[in-house]
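Input: a single structure, listed below in structure tokens.
The values are calculated or read from the model by the stated rules, or taken from the named source; none is laboratory data. Given the structure is predicted, the values throughout are model-derived calculations rather than measurements. Positions of Cβ are backbone-derived with ideal geometry, glycine not excepted, and every protein chain shown enters the neighbour counts. Each accessible area value is taken on the protein alone, full model and side chains, heavy atoms only, with ligands, DNA and RNA left out. Shrake-Rupley method; radii C 1.70, N 1.55, O 1.52, S 1.80 Å.
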Amino acid sequence: MSGYWAGILAILSINVIFAYSIYVTAAAGQLNLGGAGFQAIGAYGTAYATTTLGLPLWAGFAIAITLTAFVSFLIAFPVLRTRGVYMVLATYAFAQVVSGIALYTPALGGAMGKVVTEYVPVWPLIFSAIGVTFLVFYLMASRFGLAMRALHDDELVSTIMGVNARAVQVACFTIGGAIAGLSGALYAHHFAFVEAQYFSPLLSIFVLLFVLIGGTQTAWGPLIGSVFFTLVPEFLRLGGSSWRYVIFGAVIVAMMILRPEGIVTRTLVAKLSPSRWFAKKPVAQEASLER
Amino acid sequence: MSAEAILSLRGVSKAFGGLKVIDDVSFDIPKGERFGLIGPNGAGKTTVFNLISGVYPIDAGQVVLEGNDISTLPSRKRIRNGLSRSFQNIRLMPHLSVAENVMLGQHSQALGLLDLMTPVGWLPRQRFRREADAALARAGLDIDPGEVVSNLPYGIRKKIEVVRALMSKPRVLMLDEPAAGLNPRETADLAAFLKTVSDQGVTLLVVEHDMSFVKNLCERVVVLNFGSKIFEGTLAGAQADPAVREAYLGTRRVA
């Protein structure tokens, strides 16, 4: 594997994991524009644990994941009091607080950033991305995932059906936080360096776009979305011009017009699913003629 | 009478701002009965449903289910006590398949973490999925359970909502205009299906404007007008009652 492709695969793996962390809340109807903040907690958590405290690598990951999950759990309560665009702003503000703390805390390297000594090569990143993908697919196939998707569509009816909306949403934030923590820890150990400027609002916007452009209705969405966002700018690089981000922006706008519900929708997955080719044909046609 | 009542409203009132929409409404529904709630548009029928199912808190009075005051019970817990409902405008989850919508109706039957973590989407032979398929078959719905509901015709979706409400194994099933928008054959099929549900001991509380459907299905009715109960008895009695006639048709003087 060439260095170029190894670099692309590493960032793609981190992006896939990161996208799933945001997807877990988005699938239950909550938009999180604070992705960079959650990822930063994971990255700085393990950086401090391994480099400053000298703990082993596994402990760094354990701390990164648990710490981010715990912070997400706590932040879920005030954030879930808000709705729609206010939730987007609340999570955005949270991310700004995290990056501000990192910037002004000398123990975390401040504006100079922090070197991370333990290195993780690209393969564990790829395997982690596959593992997280499988985990989220499983989650969405479970009854818990069914409750998440029901909440996304109609919170009132889900509640009448017995779904504990608050508990499901807090659980989603916590699971999303754990996954974001993992993505941050992998980032820190692969690139061996963390700095507050990296965890910028732009990163939060990009990861939310991975999810929204990919589609929130199925677990395929974030996977396709992050592949699209990571690889398309690279292919556009082949053209060799500085216009590639302009073209990329135009592609994003076009996607929103052509596929407002995301690249992958529930109906598309149903259409492409092999099991459906053999399914009995619905008699809905007869009924629709009657009406 | 009230000793065998499965669901009772006792002096229930509700105001939105300064507007009193439900004013001191009381009635008892005996166990196993098919009970109709009728009245002109805006009489407060759907609001009564929303108060019974806990969508809004009540201002005064009590909602009593099987002898227990459930007035302050959160809406998500009422379904566990045997109270299930459908909605006036179809409120199926548009992005979920038929089977998933029906399985959502089983949510209150799922116990503990193990049930919550069962990958129902991957196991077509799993208990929950088999129950859902069987319930669809019992309702005479010969459709692909994997179909996304937003692609299905109105009459089918309307019936899926009733099936979903039944999945929680309710003792009281509340249906808000189940026959609205159905053609005469679909309406007759629905009434026949609801009678089989009733025969299994489920108490029915039905809001409906289609009087022939109510006549066919309901043993007793309560008539609401402007948030107050104006009649309780048989449908034939209601149709002969001067106050009910006035509520629907206006006073003779005006006409």
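Of note:
- Listed values for segment B:46-60 are Karplus-derived 3J(HN,Hα) couplings in whole Hz (6.51 cos²θ - 1.76 cosθ + 1.60, θ = phi - 60°), namely 5, 5, 4, 4, 5, 6, 5, 8, x, 5, 10, x, 8, 7, 8, and x replaces Gly and Pro.
- Where a label projected 7 Å from the Cα of A:Trp5 along Cα→Cβ would reach, residues of segment A:114-129 with amide N under 14 Å: A:123
- Antiparallel DSSP beta bridges within chain B, as percent of all bridges there, nearest 5: 55 percent
- Grouping the Cα pair distances of chain A into 5 Å bins from zero gives a pair-distance distribution of 1, 6, 11, 15, 17, 16, 13, 9, 5, 3, 2, 1, 1, 0, 0 percent in increasing distance order.
- Surface share of carbon and sulfur [accessible, 1.4 angstrom probe, percent] for segment B:94-168: 59 percent
- Sequence-ordered 3J(HN,Hα) estimates for segment A:26-38 from the Karplus curve with 6.51, -1.76 and 1.60 and θ = phi - 60° stand at 5, 5, 9, x, 10, 8, 10, 9, x, x, 4, x, 5 Hz, glycine and proline given as x.
- Approximating the spin labels as points 7 Å out from Cα along Cα→Cβ, the A:Tyr119-to-A:Val232 distance works out to 3.4 nm.
- DSSP beta bridge pairing in the protein assembly as shown, given as percent antiparallel to the nearest 5: 60 percent
- Here's how it looks for B:Phe231: its modeled amide H is under 5 Å from those of B:Val223, which are all 5 or more places away or on a different chain.
- Burial of accessible area (probe 1.4 Å, heavy atoms of protein chains only) in segment B:151-167, relative to its chain alone, reaches at least 40 Å² for B:Pro153.
- Relative to its residue count, chain B spans a Cα convex hull of 143 Å³ per residue.
- Note on A:260-268: average number of Cβ atoms from other chains within 10 Å of each residue's Cβ is 2.
- For residues of B:73-79, the mean tally of beta carbons on other chains within 10 Å: 4
- Across chain A, the relative contact order, built from alpha-carbon pairs under 8 Å that are at least six residues apart, equals 31 percent.
- The aspartates and glutamates whose alpha-carbon is closer than 15 Å to the alpha-carbon of B:Lys195, local same-chain residues fewer than 8 away aside, are B:Glu33, B:Glu186, B:Glu219.
- Accessible surface computed residue by residue for segment A:3-200, with neighbouring protein chains in place and a 1.4 Å probe, gives 37 Å² per residue.
- For chain B, the dipole from Cβ point charges (+1 on Lys and Arg, -1 on Asp and Glu) about the Cα centre works out to 200 debye, to the nearest 20.
- Ranked packing of A:223-235, B:14-26, most packed first, by mean Cβ within 10 Å: A:223-235, B:14-26
- Estimated dipole of segment B:94-168 in Debye, rounded to 20 [Cβ of Lys and Arg +1, of Asp and Glu -1, Cα centre]: 140 debye
- Taking amide hydrogens as placed 1.01 Å from N in the peptide plane, the amide H of B:Val206 sits under 5 Å from those of B:Phe35, B:Gly36, B:Leu37, B:Leu175, each at least 5 positions away in sequence or on another chain.
- Taking only the Cα atoms of the protein assembly as shown, the radius of gyration and Dmax are 27.8, 93 Å.
- Note on chain A: helix-only mean residue ellipticity at 222 nm, from DSSP H runs of 4+ residues weighted -39500 (n - 2.57) and normalised by residue number, equals -23500 deg cm²/dmol.
- Karplus (6.51, -1.76, 1.60) ³J(HN,Hα), θ = phi - 60°, over segment A:156-169, in Hz, Gly and Pro reported as x: 4, 5, 4, 5, 4, 6, x, 7, 7, 4, 4, 4, 5, 5
- Total accessible area lost when A and B pair, probe 1.4 Å, Å² to nearest 100: 4000 Å²
- Subset of A:Lys271/B:Lys169; B:Lys77/B:Lys158; B:Lys20/B:Lys169; B:Lys159/B:Lys215; A:Lys271/B:Lys159; B:Lys158/B:Lys215 violating a 27 Å alpha-carbon distance limit: A:Lys271/B:Lys169; B:Lys20/B:Lys169
- Overall, the accessible surface of segment A:3-200 at a probe of 1.4 angstrom is composed of carbon and sulfur to the extent of 75 percent.
- Across segment B:94-168 the C-alpha pair distances fall into 10 Å bins from zero in the proportions 20, 57, 21, 2 percent.
- Under 5 Å between amide hydrogens, built in the peptide plane, is the criterion, and for B:Leu96 it picks out B:Val149 among residues at least 5 positions away or on other chains.
- Inter-chain shielding of B:117-130 (mean C-beta neighbours from other protein chains, 10 Å cut-off): 3
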